[in-house]
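Worksheet: one structure, shown below.
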Protein chains: 2
Amino acid sequence: MEYAEFRNDEAPSIDDLPPCPVETTAQLIGSKWRLLILRDLMEGTKRFGELKKSVGSISQKVLTSNLRDMEKKGLVVRRVYPEVPPRVEYGLTDLGKSLTPIVDAMRAWGEGYLDRARKTSWGGF
Amino acid sequence: MEYAEFRNDEAPSIDDLPPCPVETTAQLIGSKWRLLILRDLMEGTKRFGELKKSVGSISQKVLTSNLRDMEKKGLVVRRVYPEVPPRVEYGLTDLGKSLTPIVDAMRAWGEGYLDRARKTSWGGF
DNA sequence: CTGTATCCGGAGCGATACTG
DNA sequence: CAGTATCGCTCCGGATACAG
């Protein structure tokens, strides 16, 4: 552990961000899982187990670590309800929500691609 | 080698594409390097060495393998000029160019993020 | 239910050497 | 110049077991 005492309170320093905005974005969401987590949280707040199911074949460990990262980056909020059994909900911060256009663009492109792939083997370009 | 005899002629089958369009897109470009290669080729055709410099710290091996993948996916064209010394140029296919909105969305978001990061440590949300 | 702690295999990647 | 071929290592991430 190493996250334990630092969660949302540590901001990424400008100094270790790449100068290129595309690269910056890629570092924040450029991973298969983070993108899918984002996609699912955009539907609204979800519990850990719910998220695990909806994301797909992700393991619990990997989901947890990705959520921790996204929390540190300020994309995700984690809310713990002191109940028993414990309940933990994850949601997007405003910053996280602001990524919507990117995910939407990816969805739009993917739909076009799948359509084409479905009706033909797309026969090359 | 294993690519050698299959370059542009093999299309991805619809059967091994995920049903979710976001996930499909993520599989095609969801890697740090592929995104940056895309970003740079969107400026126009480039030679191998040129691309290597502009992408940044990528090694030649990794650049090559990523270009091969993207070629197989139909995103990139490779043109060899039978000269000496050899010249090889890479460019985007129409499919590759159609990804522009996604990269643009990422750039736009990244710019906003960097602006905020520059003027403050954005102190949480 | 929501995690943390380990173990471990394999992919990813850098470094280097060699080729047409 | 633009690759291919290897070696070696790091670290991601899957499986499993355990805990609050």
In this structure, among A:Lys72/B:Lys32; A:Lys97/B:Lys52; B:Lys61/B:Lys97, pairs with alpha-carbon gaps over 29 Å are A:Lys97/B:Lys52
Sorted by chain and then number, the residues having a modelled amide H within less than 5 Å of the amide H of A:Arg47, at least 5 places away or on another chain, are A:Tyr90
Here the convex hull volume per residue of segment B:14-118, taken over Cα atoms and given in Å³, is 121 Å³
So, in nm and shortest first, the distances from B:Asp104 to its counterparts in the other copies, with label points 7 Å along Cα→Cβ, work out as 1.4
log10 I(q)/I(0) for segment B:65-125, Debye formula on C-alpha points only (no solvent), q = 0.19, 0.27, 0.28 Å⁻¹, two decimals, reads -0.78, -1.06, -1.09
Extend 7 Å from the Cα of A:Arg116 along its Cα-to-C-beta direction; within segment B:61-77, residues with backbone N under 12 Å of that point are B:73-76
A correct fewest-to-most ranking of B:Ser59, A:Ser57 by other Cβ atoms within 10 Å would be A:Ser57, B:Ser59
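All of the numbers you see were taken from the coordinates with simple rules; none came from a lab. Note that this is a predicted model, so its numbers are computed, not measured. Note: ideal-geometry Cβ built from the backbone for every residue, glycine included; neighbour counts use all protein chains shown.
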